[in-house]
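**Q** Would you mind keeping the following structure in view while I ask a few things?
The values are calculated or read from the model by the stated rules, or taken from the named source; none is laboratory data. Please read all numbers here as calculations on a predicted model, not as lab measurements. Here the Cβ is made from the backbone with ideal geometry for all residues, glycine too, and neighbour counts use every protein chain on show.
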Amino acid sequence: MRLVPIAALALLATAALPAHAESLPPRDECASLPGFAAFRARLDDAVFRRDVEALLALTDPNIALDFGGGAGHAQMREDWRLGEGSQSPIWGELGTMLRLGCAGNADGAAMPHMFNRFPERYDPFASALTIGIRIALRAGPSFDARVLARLDFETLALTGTDPEAEWQPVRMDDGRAGFVHRDLLRRPIDYRLIFDRVNGQWRIGALIAGD
C-alpha cells in the first residue's frame, strides 16, 4: 500500500493559475475502475446498516490508521470504538466521505475526491474547502451574522489558530474575510480512505488523517 504525501496530491494541468478561488465540487472518478462499483456498493451498504463486521471484511487486515505505525483490525476497533456498534463515530465520518466523491487512477483510489485533487497552490495545513453549495461566509461567528458571500465548494485560507472552534475565520482569494461553520468545511489533511486493488480485489488500505 502506498500513501500519497500531501505535497504531491494535486494532479493539475499546467495552465496558468486563476486569480479567483478554485471551486472543487466532488466527482466520482472511480465508478469506471474495474470492479470498483461492486466494491463501492458493498461499502455503501455496510455504512448504511452500520455493520461493523461487513466494514471490516472490506478492509486490509493491516489497514493503516495513523502515521505512527497504528494499523490492523484490533487497533481500528479500539480507535473508532467499534464495540459500540451503530454508535461508533466511524459511521458519521465514513458517511461524509462517501458523499464527497472519489478520485481514482490505475494505481488506486481515494475518498473524498478533494484529497487527491486539492489545488497545489494552497497550503494543505492552512486551507479548507466548503463542502456544499451556497455555504454562507458570515461577517461574525454566528448564524445571525450578515452573509458576505455564498460559496460553492470553494477553497479558502484558514486564518484562525483553533481548528476545533465552532466558527472558523477564513479568507477568500479576493481578500474578503469572514466566518464559516466548521461542519461546512473540510481540510485536505482530514480523514480519508485509501483504496488498493490486490489480485483484482478492492480493499480499504488506509483510514487516516494528517500528513
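**Q** Restricting attention to region 108-138, and to residues there that are closer than 20 Å to GLU166 by Cα and polar (S, T, N, Q), which single residue is surrounded by the most Cβ atoms within 10 Å (Cβ to Cβ)?
**A** Within region 108-138, the match that is surrounded by the most Cβ atoms within 10 Å (Cβ to Cβ) is THR130.
**Q** Let me ask something else. Please determine, by comparing only the residues of region 71-114 that are assigned to a helix (DSSP H, G or I) and polar (S, T, N, Q), which one is nearest to ARG187 (Cα to Cα).
**A** Residue satisfying both the conditions and the ranking: THR96.
**Q** Quick one: what pairs do we get from region 116-144, first residue touching a residue at least 40 places away in the same chain (Cβ under 8 Å) and outside any strand (DSSP E or B), second crowded, with 21+ Cβ neighbours inside 10 Å and small (Gly, Ala, Ser), C-beta under 7 Å, 6+ apart or different chains?
**A** ASN116/ALA103; ASN116/ALA110; ARG117/ALA103; ALA139/GLY178
**Q** Within region 139-150, how many residues turn out to be within 14 Å of ASP183 (Cα to Cα) and surrounded by 15 or more Cβ atoms within 10 Å (Cβ to Cβ)?
**A** Looking only at that region, the number is 1.
**Q** State yes or no: is PHE67 touching an Asp or Glu at 6+ places or on another chain (Cβ under 8 Å) and closer than 15 Å to ARG192 by Cα?
**A** Answer is yes for this residue.
**Q** Name the one entry in ARG49, ARG40 that is among the basic types (Lys, Arg), at pLDDT 95 or above and touching a Cys at 6+ places or on another chain (Cβ under 8 Å).
**A** Selected residue: ARG40, the only one of ARG49, ARG40 that is among the basic types (Lys, Arg), at pLDDT 95 or above and touching a Cys at 6+ places or on another chain (Cβ under 8 Å).
**Q** For region 72-86, state whether one or more residues are closer than 30 Å to MET172 by Cβ and surrounded by fewer than 13 Cβ atoms within 10 Å (Cβ to Cβ).
**A** no
**Q** Another question, then. Looking at region 152-211 only, could you name the residues that are closer than 30 Å to PRO61 by Cβ, in contact (Cβ under 8 Å) with a residue 60 or more places away in the chain and either of a type in the set (S, T, N, Q) or in a helix (DSSP H, G or I) (or both)?
**A** Listed by number, the list holds a single entry, GLN201.
**Q** Suppose the filter is in a helix (DSSP H, G or I) and surrounded by 13 or more Cβ atoms within 10 Å (Cβ to Cβ); does ALA46 pass it?
**A** So ALA46 passes the test.
**Q** Determine whether region 155-166 contains at least one residue that is surrounded by fewer than 19 Cβ atoms within 10 Å (Cβ to Cβ), touching a Pro at 6+ places or on another chain (Cβ under 6 Å) and not assigned by TED's automatic domain parsing to the domain that holds ALA38.
**A** yes
**Q** How about region 105-144: which of its residues are under 19 Å from the mean Cα position of the chain (by Cα), of a type in the set (S, T, N, Q) and at pLDDT 90 or above?
**A** Answer for region 105-144, where residues must be under 19 Å from the mean Cα position of the chain (by Cα), of a type in the set (S, T, N, Q) and at pLDDT 90 or above: SER127, THR130.
**Q** For MET1, which of the numbered conditions (1) at pLDDT below 50; (2) in contact with a Gly (Cβ under 7 Å, 6 or more places away or on another chain); (3) in a helix (DSSP H, G or I) fails to hold?
**A** The single condition MET1 does not satisfy is (3).
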